[in-house]
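First up is the structure itself, then whatever we jot down about it.
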């Protein structure tokens, strides 16, 4: 097709119109919540999530529409975490691998701590949490697969140019901050969890050290308000921290009770280790309070 001929002009105009539609589509997709389909959020409108024993009608997923709340600032946008998922999982599992061996010299090895993997359902819970734009109070979360669901909500705020801190650097900084508090976990605390923590934020590494905590899903958003840039992240977990129980079952060596050891993280059980997620003994006050 040669420029200057009528056929070329028609083709060129058609391509231009198509480019405009593609640009519009890209803008629409950029505002979707991690590109979760409408059907995914329709699933959360199911009555199933409104009758879970832990939360009932207060469950975050009960009739949740997936919309930003009125607490969100203008210009808020979600941060797709797809390309950061390997980093998140590796940082958590490296920490769990070290913890299973005994994070400090005073802690015993974990007999059956499993490698954590990604859960799309938990990611959807994290999305619903983060788009509340409301760190406190923490929402109640429960599903037929995981109950109760534990969570970590954290934020990173900074002035100046938005490009000073990239998404991946912020995510690394926040997870490193969670892990750093593991030095406060004592031998007695690991064997019998009480609400008397050295400081409230120690709850985060305790949740990451829970041996039956096999799945995680995270979500994040960004917004700018009064010259400060804000990054919020929520991670939802397949279990929560149960009071008056050990953080993990101790053993003579790391992974001594695993059905199968993980190939990459040698101190952890391979994915597929079975745990009873439904805590039949759950009752009000049996979960470590949020920080």
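By how many nm would the segment from residue 286 to residue 244 grow when fully extended, if each residue of separation counts as 0.36 nm and the alpha-carbon distance is taken off?
On the way: separation 42, 0.36 × 42 = 15.12 nm, distance 0.78 nm.
Length difference between fully extended and current span is 14.3 nm.
First measure r as the distance between the Cβ atoms of residue 187 and residue 158, then evaluate 1/(1 + (r/R0)^6) with R0 = 45 Å and state the FRET efficiency to the nearest 0.05. Before the final figure, lay out the partial values.
Working: r = 37 Å, r/R0 = 0.83.
Here the calculated transfer efficiency is 0.75.
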Assign one of three labels to segment 164-238, namely rounded, prolate or oblate, based on the Cα gyration tensor with a ≥ b ≥ c the square roots of its eigenvalues; rounded applies when a/c is under 1.5, prolate when it is not and a/b is larger than b/c, and oblate otherwise. prolate
Report the Cα-based extents of segment 48-291 along its three principal axes, largest first, to the nearest Å. 54, 42, 34
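Laboratory data are not the source of any read-out in this text; all were calculated from the coordinates shown. The structure presented is a predicted model; accordingly, all values stated were derived computationally and were not measured. Heads up, the Cβs are rebuilt from the backbone with ideal geometry, glycines too, and the neighbour counts pull from every protein chain shown.
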